[in-house]
Each structure stands twice: as structure tokens, then as C-alpha cells.
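Take a look at the structure set out below.
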Amino acid sequence: MSEDTAAVRLAVADAHRREWARVLAATVRVARDLDLAEECVQDAYVSAMDTWLRQGVPANPGAWLTTAAQRRAINAHKRAATLRSKLPLLVIPEASPAAEAAVEGSVEADDIPDDRLRLIFTCCHPALAREAQLALTLRLVCGLTTAEIARAFLISEPTMAARVTRAKKKIAAAGIPYRVPPAEELPDRLDAVLTVVHLVFTTGHAAPTGPALVRADLIERAVDLARTLCALMPDEREALGLLAQLLLHDARRATRVDPAGRLLPLAEQDRSRWDTVQIAEGLRLVRAALRGGRPGRFALQSAIAALYTEAPTYADTDWGQLRDLYDLLLGVWPSPVVALNRAVVVSMLDGPAAALPLVEALAADPRLAAYHYLPATRADLLRRLGRTEEADGAYRAAIALCDNSVEREFLRSRLHTDGPAPGQG
Amino acid sequence: MAQYLILIYEDESGYENPDPGAWQQAMDAHNRFAEQVGELGGELLGGNALQPTATATSIRGDVVTDGPFVETKEVLGGYYLIEAKDLDQALAISKLCPAPFGGVEVRPVMVFS
């Protein structure tokens, strides 16, 4: 019996991880209210534990959960019909008859339309602030609890709960439609979605604050999201580029810190310990992302990640081709962060003296005012030029701006002289 | 369908010395916009241009003061009330609203049931 319980608990947990987005997305269509849909889906998962224990785990757990959650939503609407909710209902354009039929039970559960893209695009609507897009995506698409999201971004749970509630209210009150944008809006809207997924990844990859360098759960969620986008939009080369880039970066995860938890720069990482399976998949995706037409920013970033990954040693990286790729990337995405990375490549091609003025010119950009990689890069160039005193000054400036203790420790280890250590704590 | 108010915020100085040509241009742009609302599937329910903030009088509590409620560089200069099927349609319409010296804010109208 306890073995059964354990097996069913595992099945429910597995269905939570795999099916949450699909079940919620299909339930939203019926509930026409994000809060009600969430409640119904949560209830469905709770009842699954009970029912599956008695009747066995169904062949298609996702379809079982969807039907259970949708029925709950329908019943809630019947009960509330007399005291109409004051909140406006979610706008759902082109409601499909197949979906209605599925709810009535006259259509096989497999025909329930996959509404995950609608859910993702609604969460990342440009009328929502970036931080609200992030929170909603993690809550509604990934099924993370508010407490988990609050912990990931190191803010209090009530603050995160208020952020999620505000965003949901705006979706309903402003009439943000539950739909995939039409073709003419898709490039811009997809870019916002990919940016949010990328942000989930970078938050996990180099946690902006806190003691650990990496937050594995966020990385895995981001990769899952990117995989879902590629599965649902297999022709979108930018989505392929994003997934490729995430896989290639993450393939190095095990080698980014030494056994003592200290940061290892790319040049010092043990390449034999990189995840070759993940790299092979990433490289395949890069080729697909670059095929046909002018590549976008995610495809180009994936090509850059591929060049860093394919080189047998750091010194043997194809710096010339990297500079060409960075030039192309700056053309489609003129970001000062890209310009900074390009300057590092220039330093490998033409020496640190050639790169220093490029980095110093970027210091005037207000968008990089709080970006600790700028003084850290400048410090590294000055160190390579033997200008140690100036390098130490730049390292101290970087340490003062950096909130991640692992990265701060790395920067401190590069200091030539032991001066006062700012930003300690 | 839902109602949205398009609030036009602009730097008033842009209209301070309207030469007849520029004035006519602005009028034409707004007339054109009124047609475009319908072309995009929405409906224009109303709208007005406002006199400059120099003509505004504000009341807070019982105190009557000269001037607009909040002093800002870009001020409310007019509005349109439209009907659209969702925010995306309302935004598509609002993007065409003329506001050469500023921009517009789109607000859903509250529904009491």
C-alpha cells in the first residue's frame, strides 16, 4: 500500500512537472479567469492523488487532469451564475469548437487544443512590466509557487504575491487577450517571450545575488521553457537559437567553479568535463537556427556560444570569426553588453592595448553604470598590460558593484595588492 | 467589446505658435485617425481637444488654485473614447493617434455591473 502511495505520489509529481502548463492553459480557456483556473488545476492535482490511488494512474495523466480541472471550472461558473463576478472575464478570441466539445466529453481528450502558447504570450504581453512577465511565466507556465519564485529573486513572498496579483488583475481589467499574436506582430512578441526565458536562465546561471553561483532549478525551468517553445514553434529559428545557446552555456555548468566553490574563468575550465551530449544537441540546433535568411539575435548568440564551446583550448578559439559574429550581432542588437564582449575578443586578436580604448569608451554609457563586468573587463586588460595599480582600482570598482559572493571572491583574488576591500559582506 | 480612453499627453509648447499650415496638418491627422479607428475594427465613441493648461483651474478640498492638477512637461491635451475587442486592438488603434509632441496613454474604462 505504501509502495502504491509512493508510486502515485511520484506520478502526480511527474505530471506536475510535465503537464502543468498544458493543463492550466486548457483550463484557462474554460474558466476565463486566471485565478479560478489556477484554483481548479490545483484541486485537480490534489484529487489525482486520491483517485489514482484507488483507480490506478491513467494512461494519459495530462488529459485526466485537464478534464478534471475543466469540470471544476464549469461547475464554479454554474454556481456563480446568479452572482456574476465583478471582474471582467478574460478575452479569448476565436474560441474553438473542438475545445467546447472536449469539455462536454464528446471529443477524445487527446483533441484538447494545446493552449500553452496562448498562456506564454499572455504572460509576456508588452503591456506588463518585465518583472511581472517573469513572475507570471514562472507561476503560470512553470507552476512554481509564489514562495519559490520569491526565493529565486530574493524578495519577500508578500511582495512577489502582490506582483503576481497586480499582473493578473491587469490582464483581466485591461483586456489583454488570451491568444497567440498574428504573424505581423509575432517577431516582436516572440522576442519578448525569448527574452523572459533567457532572463530566467541568466538569473539561474549567474545568480545576481546570494552565495551560490548557480541556481539549478531556474536553469532547468528555462531549458524546459525553451524546449516547449521549440516544440510548439519548430519553424521559429530564434527559438531554436535560444535553446541552443542555453544548452551550450549550461554544458559548462560543472566546470564553472572549482571544488572549493571558487569561480573559474572560461580559460581555466576543464573542457574534458563539459557535457558532450548537451553540446552535440546544442550544435545541431545552432545549425538549424542559422539555416536560411538573416539570423536574428538569439541565433547569432548561439553561434557565438558554439565557437567558444568548439575550441579545443581557450587560446585556440577562432577569435577572428567571433569578432565577425559580434559585428553581425551588434547590427541586429546594438547592446553595450555585446560591445563589451566584442572588446574582449579584440583583446585576444589585437592585444589588450587595442581593446582598452573600446572598453573605456563604453564607460560613458549610462546603461552600464552598475554593470560590474565593465570595470572587471577593464581591470583584466590593465592587468595584462602590467598596469597593476590601475588594474587594482578597477577590480575594486567591480567588487563594489557585484552582489554575487562567488564572483566577488574571484575578483578579490585578482587584486595585486591588499588594499581596503570594499563591498565586503 | 470594451471601452478604452486614449489620453493624449503632449508638450503644449509644440502648439504655441501654430502657423495655419501646421494647424491644418494637425486637424487633418485627427480627421484621418477618426476614420482609421473604424478601419481597424474599433469604434470611435467620442473625443475632445482641451484648451491649454493655462486655462485650467484646480480644486483640492475647498481650495481653488490656478493651473493644472499636476505640473508636468507633457500635459493632457485631449482624449478619445473608443470601443475595441481587446487591449491588442485598442493598442493598434492608439498607435495611430496623432501626438507629435508627446504620446498617448491607454486606459480601460471601468465597468460596474
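Quick notes
- Look at the alpha carbon pairs under 8 Å that are at least 6 residues apart: their mean separation over the length of chain A gives a relative contact order of 10 percent.
- The mean count of C-beta atoms from other chains within 10 Å of the C-beta of residues in B:88-101, rounded to a whole number, is 2.
- Once the Cβ-Cβ distance of B:Asp19 and A:Val337 is raised to the sixth power relative to R0 = 45 Å, the FRET efficiency obtained is 0.50.
- For chain A, convex hull of alpha carbons as volume per residue, Å³: 175
- Anchor B:Lys73: aspartates and glutamates whose Cα lies under 18 Å away (excluding residues fewer than 8 positions away in-chain): B:Glu10, B:Asp11, B:Glu12, B:Glu16, B:Glu105
- Equivalent ellipsoid dimensions for the range A:211-261 as semi-axes, Å, which come from the Cα gyration tensor, largest first: 27, 11, 6
- Cα-based Rg of the range B:26-113 normalised by 2.2 N^0.38 Å, two decimals: 1.27
- Bins of 5 Å, starting at 0 and running to the largest distance - Cα pair percent for the range A:139-190: 4, 17, 18, 19, 17, 15, 8, 2
- Derived scalar couplings between HN and Hα for the range B:44-59 equal 8, 9, x, x, 8, 9, 9, 5, x, 5, 4, 8, 7, 10, 10, 10 Hz in order, rounded to whole Hz, by the Karplus curve 6.51 cos²θ - 1.76 cosθ + 1.60 (θ = phi - 60°), x for Gly and Pro.
- Put a dot 7 Å past the Cα of B:Asp62, heading toward its Cβ, do the same for A:Ser413, and the two dots end up 7.3 nm apart.
- Against chain A, whose longest principal axis is taken from its Cα atoms, helix A:276-290 shows a tilt of about 80°.
- Modelled FRET efficiency - R0 22 Å, B:Arg32 with B:Arg107, Cβ distances, 0.05 increments: 0.45
- On the principal axes of its alpha carbon atoms, the range A:135-253 extends 44, 39, 19 Å, with the longest extent given first.
- Overall, the protein assembly as shown carries a charge dipole of about 1180 debye about its Cα centre when +1 sits on the Cβ of Lys and Arg and -1 on the Cβ of Asp and Glu, all other atoms neutral.
- Protein accessible area in chain A, 1.4 Å probe - carbon and sulfur %: 55
- Taking all Cα pairs closer than 8 Å and separated by 6 or more residues, the relative contact order of the range A:119-239 comes to 25 percent.
- Under 27 Å from the Cα of A:Lys78 - lysines, other chains or at least 8 residues apart: A:Lys86, A:Lys168, A:Lys169, A:Lys170, B:Lys85
- Sequence-distant contacts, meaning Cα pairs under 8 Å at least 6 residues apart, place the relative contact order of the range A:277-425 at 13 percent.
- Amide H contacts for A:Val257 (H built 1.01 Å from N in the peptide plane; partners 5 or more residues away or on another chain; cut-off under 5 Å): A:Leu264.
- Rule-of-thumb Rg ratio for the range A:278-425 [Cα; 2.2 N^0.38 Å; N residues]: 1.15
- Compactness of the range B:23-76 - radius of gyration and Dmax, Cα, Å: 16.1, 46
- Sorted peptide list for A:331-339, A:250-258, criterion being average Cβ within 10 angstrom, highest first: A:250-258, A:331-339
- Listed residues A:Leu24, B:Leu96, B:Gly46: farthest to the positive end of the dipole of the protein assembly as shown (Cβ charges): A:Leu24
- Helix A:2-31 axis, angle to chain A major axis (alpha carbon atoms, nearest 10°): 90
- Helix A:186-205 and the longest principal axis of the C-alpha atoms of chain A enclose an angle of approximately 70°.
- A simple spin-label model places pseudo-atoms 7 Å from Cα toward Cβ; at A:Arg287 and B:Ala49 they are separated by 6.3 nm.
The values are calculated or read from the model by the stated rules, or taken from the named source; none is laboratory data. Predicted model only: the values in this text are computed from it and were never measured. Note that each Cβ is placed from the backbone with ideal geometry, even for glycine, and that neighbours are counted across all protein chains shown. Keep in mind that these areas ignore ligands, DNA and RNA; they rest on the heavy atoms of the full protein, side chains included. Shrake-Rupley method; radii C 1.70, N 1.55, O 1.52, S 1.80 Å.
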